[in-house]
Structure formats: structure tokens, C-alpha cells
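Written out below as C-alpha cells is the structure these notes cover.
The values are calculated or read from the model by the stated rules, or taken from the named source; none is laboratory data. Computed from a prediction, not measured in an experiment: that's the story for all the values here. Ideal geometry is used to build each Cβ from the backbone, glycine not excepted, and the neighbour counts take in all protein chains shown. For the accessible areas, the whole protein counts, side chains as well, though only heavy atoms, and no ligand, DNA or RNA atoms are used. Shrake-Rupley method; radii C 1.70, N 1.55, O 1.52, S 1.80 Å.
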Amino acid sequence: MGSQGGFGQSKEFLDLVKSIGEARSKSEEDRIVLHEIEMLKRRINEPDIPKRKMKEYIIRLVYIEMLGHDASFGYIHAVKMTHDDSLLLKRTGYLAVTLFLNEDHDLIILIVNTIQKDLKSDNYLVVCAALNAVCKLINEETIPAVIQQVVELLGHPKEGVRKKAVMALHSFYQRSPSSVNHLVSHFRKKLCDNDPGVMGATLCPLYDLITIDVNLYKDLVVSFVNILKQVAERRLPKSYDYHQTPAPFIQIKLLKTLALLGSGDKKSSEQMYTVIGDIMRKSDTTSNIGNAILYECICCISSIQPSPKLLETAADAIAKFLKSDSHNLKYMGIDALGRLIRISPDIAEQHQLAVIDCLEDPDDTLKRKTFELLYKMTKSSNVEVIVDRMIDYMISINDSHYKTETASRCVELAEQFAPSNHWFIQTMNKVFQHAGDLVNPKVAHNLMRLIAEGFGEDDESADTQLRSSAVESYLKIVDEPKLPSAFLQVICWVLGEYGTADGKYSASYISGKLCDVAEAHSSDDIVKAYAVSALMKVYCFEKATGRKFDLLPECHTLLEEMSASHSSDLQQRAYEFQAILDLDSNSIDNIMPLDASCEDIEIDKSLSFLNSYVHKSLEEGAEPYIPENQRSGTLTVIPNIPYDTSSHSLRFEAYEVPKPVVPTRPPPTTTTYPTDLVPVSVSLPEPSYHQPPQPTRYTGPVPDPSPTDLRLRLDGVQKKWGKPSYTSSATSSSTSNFDFNRTTVNGPTQPDNMVGPGPVPKARESRHVEVSEEKQKLAASLFGGTSSSSRSEKKQPVAATASSKRPATTVGAAAAAQPPPPPPPDLLDLGEMSGYSTVVDPFKQLEGLLDVSQDGSTSSSTIPTNGHNQNLMMINEKDDFTPVNGSPNVSNKTTATLTKGPSLKDALDKDALVRQMGVNPTSQNPNLFSDLLS
């Protein structure tokens, strides 16, 4: 790189980059960057800094910001650099400003005027730099200042300027749609631009507009289809090819747009069938970008009106994805299959064995995607197998997000497709047990409501059977440790409502279980409240039926504890429990009827049952009740200051001066308080709060402000870059045969057989792999039986399984045949020394660090600081090594034998290596170590 560094940068900057790259820890990196910040703070404010130096300082500030440190002290210098006349400095300033600032920064207003001048420049490179800054920095308030100039640049002779102008208008639309609504026609015009880059940039804003309102752009279907047809026929220049695929990103954007336009529209969809089929037939499945286009075609087919021929082609493409060895292609195949089964559910049966292989794949991402597919294809015949598989997967994962999502899907499928009441209760128990508190609390309330209402419409026996099975299942698991709180609430509620309903379990048994729950979860007040309420229901039902009962000692202890609890809710429940037990059976039957959870409760909001009591109290002289909306001015909290409850705004009037307090016993000398400290008649002025100006939206020409208003300079710059008569040359696209205005292609095209790049791979040896009986049963349970296509797959070898097993001997042989790579060069190795002994030298740490010159003097470039051995070596004037830790000395004879006989070639090689490391010794100093370390 030379002494001044490469790319015009100084050696200091290159040393900074090198030292940060070689930092071994974040703290070391921060120390280097902070030192650089302190140095730049001193240098950047020096007067008369050369422009070349200032440019380097700005680049170093960009490097500091990229590492996450604050370089705001240099922002203003980057803004100043955008004003420079030099193209290189101006572009550097724009680059730094776009990285430093955001659209809401205070310094944005300082560069708007500069952007306006540069948008009028004759040099298209300056215009492009200004448009780059416009896309990043112009906010909603400053859009009207530059939007007209950006619109004029849509007709610039340079295609790069037109493309960036379209991108700038797109950014304006994203920030303020109302400011660009009147410019939508320009996007339609630029769709027919002769340059493919301008057309491709126009697809992005049109896609956003079509997403909002599809009906306004139905007339563009023919244009999009013609563009896609010309792209697929390789009418674009070769520079737009990627891995021998013509403009793949433009194809993907067009397919996304057509999917929106063809959704629910048969006429528009029929116009797309031919071009989509051609793209799928010509797609290159040997490259990732070709598979990406094929996947986007499948997504488009699933969105538009279905075509049987395209659905068959998409199913074949999905089969290739699922049989691939790549997990990414399998993932794409599962996702595409999930899109197609919404149109044709029978497609999934053709790939049932491949889906089961993905379900058992060790790749967790692929397994999750497969569960999403099973969730979409669940029905009453396969819900048991799918939900059981999902619960097993939920138990095995630790990610709380996916566990919550899987639990909610299990609950949804169980509620929608439950084959029996018993299975539903067992499934919900598993979900609550293993998902814990991650289950949505609404699920617990829905479960309690479902048990109370029952499944049968008029069949009481089915509801009774459901509740009995729930009680039995909960009594089996109530003693298990670490049950979630939501599940315990459900258990307590069910045992309290239906624990003794069928007479199978006694009240003492149920109440003992509930007391155990309250004792085991003494720190959870909600569970204890549910347990106390359940106990109250059990004993109330027993007393209402006339059966004798005795409270268990555990219940007495629990009630005494609840009565002294700090929780008012628990206290109230305990007192209500004790009070209800003292009532007779008729009162209890009226207060807590049996199985009244689903009965409608009539609420008398007017409290008419209290009318007699109110009338009697008024006759005895009680004050009548005044409604809240009629209490205005009746309350006087502070004397002589009326309190107005109807007004809720702040009051800014001054308070009255308080009157002096009159003592009960007059003192010998009365003290008068001055009343002129705060004048009562003068009220305090209302504070004026500064409100920020509301953002104005561009609705047309901006009126000229008054002469006293501040406004931006809109005049141009007299000094122009380059020649005064600068005109851009004609675009290269004029000679191309790419035309978006034509609906038919008349030019020569390449044959279809020229599309597929690369050699044809050899066919792999097919191995007959028998499908296990377990997989066959699983496929039959998931997909409702084996279809004819799946049977044919069973008879033939499974391509996905056979192709995934490759012989490893060829790979190993190829790896063994290749020679081992040479070791990386050691920058500190200055050449082998003649006559070096193989005996382990205790001073081997210094090998390669000493440069023995011809006259026997030594020099060093670096001192090792890494590792555990950090002993500092010192050399005395007799060139003897004297370790600091007291190791035995090494005489000068040993050094002399190591470097016996000077060699001019070795000296030149060593000097070159030393210079490459950036160390230039200025003199031959034999006492270099002693000078450095003394």
C-alpha cells in the first residue's frame, strides 16, 4: 500500500482499520475507537484543514459510527462537505450525511437548499448523489420543496437519473401518500420506459398502489403480461441476467403483482395462464434463483382463478421440491403445498409419504412448517393423529413462543373437530399440563363454559357423561405437582360444580382434595379463592339436598387462615362461606341453585326493591339523594371557593388570600397580616404552551410567503460543474430490441432449448426402499387412506429417500487425493537461521522477533503480549539475554553461532518483511530493547 496507504488514505487510517480488525475483545475495540474519537475531536476543529484531510476525517467518522459509537461532533462538517464544488468531496459528504442523519434530524434543513441546487446541476453524477440523499433524508414537511424538481427529472436523458427519480417519488409516497397521489400517472408512463432499469424501479410503487386498490389498475394486466413475456424470452440485455436467468428479480416482482390483479378475477387470470406456464416450463431447477421463480409461480397460481393444467404443473414442481436433498427446497415444497390444498385438497394425498418424512426430519424449521401444513388440512377423520403429534412436538420444544402457538392450535382443532367428549377433555388436560401458563386464559374460561353448557342440544345424558368424565380425569391428576395456575382454576371449578353431582364421590372426599389444592398452592391467591368457592358450593349443595355433613378439620383451618388473610377477596369469601352455612336449606337453594352456571341472571339496575326503604327514610327526615349530574356548585370543600364538578379543565385563577386565623384567646398584642402581598383582583395570566407546527401536506402550488417569513432559497447556482454546454449522450437502450409498448414480439428470439444452463446430471442409481408399516398406517390416518398415486409410489422406490443416500467413499477419496493446503505465511518469521539447534530453547518465545543485522546489532518490530507467558526480556550492552524472572543467562556465543556468516540476500529479505509490517527502523541501535523497556 505504500507509506501513504491505499485508495488515497493515510497510513494512520489504515493502521486504525488494522488495529480494530486485530482486536481480540470488545473492550479492546472500544478503547481503540475512543482514542480515535478524542484525536478526531482535536483535529477536525483545527483551522485551515486541507480538503483531502477533511475527507479522510469524515470517512473515519463513518467508520466510527458503523462500529456503534457516537460521532455527532462531526455531523456539521459532513453537511458542509455537501456544499463543496468538487464532485468527489460532494459525493463523500452526501454519503456521510445519509449514514449519519435521519429524516427527523435538526440538520436536515441545512442541506435542503444544497439538494435543490444539485438537482439542477448539469453533471448527472451530482444529480444522482442528490437523489440518493432525497430518498433517505427528505421528510413529509420538506417534500414540497423538492418534489417538482424530482418530477422534472423523470424526463432526464440519462437512464440512471430517471431510475433514481422514480425511487425518490416512491419514497415520498411511503412517507406521505397524499403528496404523490396526483403523480400516479407518471408511474404508468415510466412503466413503458425504454430502459429496463427504469421499468423495474417503477414496479415497486405500482405494487404498493395495487395492494391498496386493485380495481384501479385492472387495465395494466395486459402490460404486465407483455413485459413478463418479453423478459422470459430474453429480450433484455445480458447485463440483467443472473446465473443465466433473465432478470429474475423483475420476474418475481411481476408475478407478485399479477397474483394481486388476478385474485377473484377470471378474465384477468385467463390472460396470465400462458405466460405462467411458459415460465414454469423454462425455469432452471438447478439454481436457487430458478427455484425461487418456480416457487413464485406456484404462489401466483394459488392466488388467481385456478386452472387445472397449471395446478397439475404446480403439483409436479412441488413433488420435485419435496424429493430434493436440500432442506430449503423441502421447506419451499411444504409451503407451496399448503397454498395449493386450499384450492385442491386432493393434492396433499399425492405427497403423503414425503410429508411424513418432513414430519420426522431432524430439522426443526422444516418440522414446524410441516405442522403448519397439517394444521391447514385437519378434518374430523384425522384430527386425533394430528393433535397428538402436535402435543408431542409441543412437549419436546423449549421455545415459549412456538409452544404457545402450538398450544393454541391444538385447542382450536380440538374445539372444532373433537370426535368425542372424552377425547376432548383428555386433550385439553394434556395441553394445560404441558403448556402451563402459556395457554391463553380465555381457553380456561371457554373450557369451563363448554363443560357447563354441554355438547348435546337436548341430550341431558351426554352432558352428564361429559361432566362425569371431566371429574374423574381431574381427580386423577389433581395431586400431581407443578400444575399451572389456569389448569388448577378449571379443576377447582369443575370439582365444586359437579364433584358430587352423580353421587359417585362423597362431599368429604371432594372437599379434602380441594383443601389439599389450597394448601399446596398457598402462595397463589387466585387458586385459593377458586378452592374456597368450590368448597362453599360442595357444602351448600349437600345442605340444600338435606344430607348431613360435617366440615373437615382441614376446612376449618383453611377458613380461619382466610379470615385473617391480607387479601380482602379471600376474607370476603371466607366470611360468606361461614355465613351461608348458618342459613336454612331453602335459603341456600335460592342463593346457590344446583347447576345454575349457564342460567341468565336478571339485574335490576334501578334497585326498585329498595323503594319502600327509601320512602320510609324520607318520611323520617332523611336528605334526598341528588344525582351526580345535578350536584354542580353544591360542594364547597374550601371556604368561599366554590368547587365546580362539571368542569374538568385546569384552573389558572389566583387563589384568594387566606384570612387570618382568629385565636380563641386574644393575645395581649394583636398582629395584623398584610393583605397586599398577593393582589386578589389581579388574576394570573394563562401560560401559553408552545405547540409544534402541524405537518403540512402538499396539495398543489405552494403560495408565496410574506416577505418577513423564512423560506428556502429556490434560485439556482451560477457556477456549474464541467463544461457549460454539457449534454448527456443517447441511452444505450435505444438500440436494444426491448419494447414495452408492443403487445407482440417481432424480433428474433432464442429457442427454448437454449434456456437450461449447465450439463445434464447423470441419473442416480435407484434403490428400492420399502416403506415401513408404521409410516403406511400414519399416512392412512393423516390423509384418510392411501390414494392410487401413493400406492404407485410405494411400489416404486422413494426418490427422496434413495437420493439422500450418497456413497461417501468418492468424497473421501477425492479429499485424500488433494494435497494438503500450505500453511499461511507467518509475518513474524524472518527466515530460518543456519545452524539452529533442535534442542528446545527456553527463549523460543523470542524466535522471529530479533533482526540480526550484519554488524551484529538487533532490532525488534513487535513485542508479544498475547498468551500466558508475558515475561519481559532485557538485553544488556554485552548482548546477553537477562530475563527479569531470574532465569539463567545465555551467553553471546550462542547468538553468534546462530547467525554465523552474514548474508546480503537474507538481510534484504528481512528488511522487506519488516517494511511490509509497517516498521521502518531509523538507525542501527544495538540497545533497542533496553531503550524501550528501561
### Query
To the nearest 0.05, what FRET efficiency results for His566 and Arg449 with a Förster distance of 35 Å applied to their C-beta separation?
0.65
### Semi-axes of the equivalent ellipsoid for the stretch 188-249, Cα gyration tensor, largest first, Å
23, 11, 11
### Message
I need the shape label for the stretch 547-595. Rule: rounded when a/c is under 1.5, else prolate if a/b > b/c, else oblate, with a, b, c from the alpha carbon gyration tensor.
### Response
oblate
### Message
Sorting check: for 130-142, 474-486, which peptide has the highest mean count of neighbouring beta carbons within 10 Å, and how do the rest follow?
### Response
130-142, 474-486
### Message
Kirkwood hydrodynamic radius, the stretch 496-589, all distinct C-alpha pairs: what's the number in Å?
### Response
13.3 Å
### Query
How would Phe249, Phe321 rank on accessible area, largest to smallest, probe 1.4 Å?
Phe249, Phe321
## Note on the structure
The summed charge of the His156 Cβ neighbourhood (under 12 Å; Lys/Arg +1, Asp/Glu -1) stands at +1
### Task
Would you kindly find the accessible area of Arg409, with a 1.4 Å probe and non-protein molecules such as ligands, DNA and RNA excluded, rounding to the nearest 10 Å²?
50 Å²
### Task
Using the structure shown, list the pairs from Lys18/Lys164; Lys504/Lys775; Lys369/Lys513; Lys266/Lys442; Lys330/Lys403; Lys309/Lys379 with a Cα-Cα distance above 31 Å, or answer none.
Lys18/Lys164; Lys504/Lys775; Lys369/Lys513; Lys266/Lys442
### Summary
For the stretch 436-526, the Kirkwood Rh over every pair of distinct alpha carbons, in Å, works out to 13.8 Å
### Summary
Inter-part gap, Cα centre of the stretch 555-572 to Cα centre of the stretch 474-522, in whole angstrom, is 19 Å
### Query
Using the Cα gyration tensor of the stretch 114-214, with a ≥ b ≥ c the square roots of its eigenvalues, what is the shape: rounded (a/c below 1.5), prolate (a/b larger than b/c) or oblate (neither)?
oblate
### Task
Please work out, to two decimal places, the log10 of the ratio I(q)/I(0) at q = 0.09, 0.19, 0.20 Å⁻¹ from a Debye calculation in which every Cα of the stretch 1-132 carries one identical scatterer.
-0.29, -1.12, -1.20
### Message
Please list Leu311, Leu110, Leu322 from largest to smallest accessible area, probe radius 1.4 Å, with all protein chains kept in place.
### Response
Leu110, Leu311, Leu322
### Task
Compute the separation of the alpha-carbon centres of the stretch 334-390 and the stretch 148-196 and state it in Å as a whole number.
45 Å
### Message
When a/c reaches 1.5 or more, the comparison of a/b and b/c decides; with that in mind, is the stretch 157-260 rounded, prolate or oblate per its Cα gyration tensor?
### Response
oblate
### Query
Measuring from label point to label point, each 7 Å out along Cα→Cβ, what is the Ala579 to His615 span in nm?
2.7 nm
### Within-10-Å neighbourhood charge of Glu561 [Cβ basis; K, R +1; D, E -1]
-1
### Query
Past the 28 Å Cα-Cα mark, which pairs from Lys11/Lys90; Lys55/Lys136; Lys253/Lys282; Lys136/Lys282?
Lys136/Lys282
### Message
Need the full-extension length gain, Glu554 to Lys775, defined as separation in residues times 0.36 nm minus the C-alpha distance. One decimal, nm.
### Response
74.2 nm
## Note on the structure
Averaging 1/r across every pair of distinct alpha carbons in the stretch 59-188 and inverting yields a Kirkwood hydrodynamic radius, in angstrom, of 15.0 Å
## Note on the structure
For the stretch 317-414, listing GluC sites (Glu not before Pro) in a DSSP loop whose Cβ sees at most 14 other Cβ atoms within 10 Å gives Glu360
### Message
What's the ranking of 19-28, 332-341, 373-382, 421-430 by average number of surrounding C-beta atoms within 10 Å, highest first?
### Response
332-341, 421-430, 373-382, 19-28
#### Entry: Label-point separation in nm, Ser420 to Gln148, each point 7 Å along Cα→Cβ
8.0 nm
#### Entry: Accessible surface of the stretch 1-99, 1.4 Å probe, proportion on carbon and sulfur as whole %
56 percent
### Task
Starting from the residue with the highest accessible area, list Arg175, Arg342 in decreasing order, probe 1.4 Å.
Arg342, Arg175
### Query
Summing Lys, Arg as +1 and Asp, Glu as -1, what charge do residues with Cβ under 14 Å from the Cβ of Ile108 carry, Ile108 excluded?
-3
### Query
Counting only heavy atoms of protein chains, what accessible area per residue, in Å², does the stretch 486-633 have with a probe of 1.4 Å?
62 Å²
#### Entry: Net charge dipole size for the stretch 520-568 [Lys, Arg +1 and Asp, Glu -1 on Cβ; Debye, nearest 20]
320 debye
### Query
What whole-number value in Å² describes the accessible area per residue of the stretch 216-323 for a 1.4 Å probe?
42 Å²
